[in-house]
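Have a look at the structure below before the remarks.
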Amino acid sequence: MIGGSGNVIIGNSHSPAPFIPPLPIIGQPLVEFKAVSAGNGEPIAQQDYEIETAEGRIVKGQTNAEGMTQSVATLQPDLAVVRWTV
């Protein structure tokens, strides 16, 4: 008589974990901008923009309801430039 576990696996039993993108490095500076109306100072929602970092990376997006761009990680936040586009 030969005994066994009772569980027979045919094929691959490996189920890969879902990919979760890494968080930004802790302590890395972030830069963000706010679009406001020159006339009344109200935030401008859904304004298209490009942020260029000192490293040459360009991030495109659209401002949120508060007129804010997304936060962009850069080693030199003072040198980041925003261009409001149409």
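Values for this structure:
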quantity	calculated
Ranked LEU30, LEU23, criterion: other C-beta atoms within 10 Å, fewest first	LEU23, LEU30
Lys, Arg +1 and Asp, Glu -1 on Cβ, resulting dipole of region 34-84 about Cα centre, debye, nearest 20	60
Packing-based exposure ordering (other Cβ within 10 Å, fewest first) of ILE51, ILE44	ILE44, ILE51
Extended-chain gain in nm, criterion 0.36 nm per residue less alpha-carbon gap, GLU32 and ALA17	2.1 nm
Descending semi-axes in whole angstrom, ellipsoid equivalent of region 43-86, from the Cα gyration tensor	19, 10, 8
Taking region 34-84 and dividing mean pair separation by its residue count, relative contact order in percent (alpha carbons under 8 Å, at least six apart)	39
Net charge, THR53 excluded, C-beta distance under 14 Å - Lys, Arg +1, Asp, Glu -1	-2
Inter-label distance, nm, simple model (7 Å from Cα along the C-beta direction), THR85/GLU50	0.5
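Computed from the coordinates by the stated procedures, all read-outs in this text should not be read as laboratory data. Being a predicted model, the structure only gives us computed values, none of them experimental. All Cβ positions, even for glycine, are placed from backbone atoms using ideal geometry, and neighbour counts span all protein chains on display.
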